[in-house]
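To keep things clear, I will list the structure first and then write my remarks on it.
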Ligand code: NAD
């Protein structure tokens, strides 16, 4: 009975808010309830996302993209930096009850506004926060690389299964038109078999104190951060997963920054059909390409991995695709998979596969040997 009364009051208030009307409120409890229920009902049909870690990617890309999404919205934040709260609260209209820190993070389980946890922390922290997200009974999106070890990936996948929730990895290019075209051209052999495959991603890294240069937080250097895009590109363009790898570390020419991680590296993946796919990643030079040389000509993207401005060409000329908001597309696709209970394209298993490949690249680089990938 009480439930019905609350419901009809909510519906009434929702109508008022849609009409842009307001009424004097009898009590602050009533006011709070109005704020909360209006938010819930306005977002009806959309899944609420809580971003965990409010750094460059969350603030610069994901939060703005969540203003454009159709199937999910920015419902909450989890941060260890209290000074960020007022700015985010104000900018994105986030209610206090949806703001968490790393200590009370687990109590997010009691918050029905949050359906999805999106972990955007330094790499070594992904596993813990993903597993805690599943323990809270939420779906989880985890940034790349999924974790630093395959064993951690296994724990994350097991946690998802136990919770009966989805795990997705933030592979935005799995949903991006130019990269989707590379998949189509390569896997359907539009220009015949691929004879040579190369991929490279690098930029000049700045601040020498950042976590990306710390082994314990990043797990490695440009391989973890940028090489992973090349690993993805090679796999989705060829439609194959490598079976062996050799790798070589590049010289450290900017000595003060690379005390703990590689500055650059090259690797050679042996594909199941004998094709050798070459990858390269660097924090000391600029490169950004994904290239397939096939029997009937070359198709490529350059730049291939940026948030926008991607360009592609085929033997028939330039590709003609719009550059979209990649993060909005990615999060909408993932939210839709969760809503429909369909498997995510960028699944935990795919994230695990890539962690396994990266681990093999590092082993090959360290030993100088060809490493078989089971
Ligand atoms: P960032 O340094 O800008 O932000 C990291 C956040 O983690 C900050 O809010 C920081 O306060 C918090 N943090 C918590 N504990 C920390 C610690 N011990 N050390 C450092 N920071 C700590 O990093 P970012 O660029 O936002 O990257 C975050 C994650 O997102 C990484 O896993 C990265 O690989 C991924 N990422 C993905 C893309 C993509 O295109 N998919 C792009 C950028 C970053």
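Being buried (at least 24 other Cβ atoms within 10 Å of the Cβ) and modelled with pLDDT of 95 or more: is that true of residue 171 here? In short, yes.
Kindly indicate the residue of segment 340-373 that is touching a strand residue (DSSP E or B) at 6+ places or on another chain (Cβ under 7 Å) and assigned to a helix (DSSP H, G or I) and also nearest to residue 72 (Cα to Cα) among those meeting that condition. Within segment 340-373, the match that is nearest to residue 72 (Cα to Cα) is 348. Looking across segment 43-96, the residues that are part of a loop (DSSP other than H, G, I, E, B), surrounded by 21 or more Cβ atoms within 10 Å (Cβ to Cβ) and within 11 Å of the ligand (Cβ to nearest atom) come down to 53, 54. When residues in segment 277-301 are screened for being over 23 Å from residue 364 (Cβ atoms) and assigned to a strand (DSSP E or B), 8 of them pass. Go through (1) within 10 Å of the ligand (Cβ to nearest atom); (2) surrounded by fewer than 21 Cβ atoms within 10 Å (Cβ to Cβ) and name the single condition residue 229 misses. Condition not satisfied by residue 229: (2).
Given the criteria assigned by TED's automatic domain parsing to the domain that holds residue 277, more than 25 Å from the chain's Cα centre (by Cα) and either within 13 Å of the ligand (Cβ to nearest atom) or not in a helix (DSSP H, G or I) (or both), does residue 246 qualify? Answer is yes for this residue.
In segment 325-340, the qualifying residues are those that are in contact (Cβ under 8 Å) with a residue 24 or more places away in the chain and surrounded by fewer than 17 Cβ atoms within 10 Å (Cβ to Cβ), and the one that is farthest from residue 160 (Cα to Cα) is 336. Of all positions in segment 319-333, at least one carries a residue that is more than 28 Å from residue 118 (Cβ to Cβ) and more than 16 Å from the ligand (Cβ to nearest atom). Residues that are more than 16 Å from the ligand (Cβ to nearest atom) and within 27 Å of residue 205 (Cβ to Cβ): does segment 295-307 have at least one? Yes, that holds for at least one residue. As a summary of the residue check, residue 206 satisfies the conditions (1) surrounded by fewer than 17 Cβ atoms within 10 Å (Cβ to Cβ); (2) within 16 Å of the ligand (Cβ to nearest atom); (3) in contact (Cβ under 8 Å) with a residue 40 or more places away in the chain except for the one numbered (3). With the condition kept exactly as written, say whether any residue in segment 302-312 is part of a loop (DSSP other than H, G, I, E, B) and on the phi > 0 side of the Ramachandran plot. Yes, there is a match, as at least one residue in segment 302-312 is part of a loop (DSSP other than H, G, I, E, B) and on the phi > 0 side of the Ramachandran plot.
The values are calculated or read from the model by the stated rules, or taken from the named source; none is laboratory data. Model, not experiment: these values are computed from the prediction. Every residue, glycine as well, gets a Cβ built from its backbone with ideal geometry; the counts of neighbours run over all protein chains shown.
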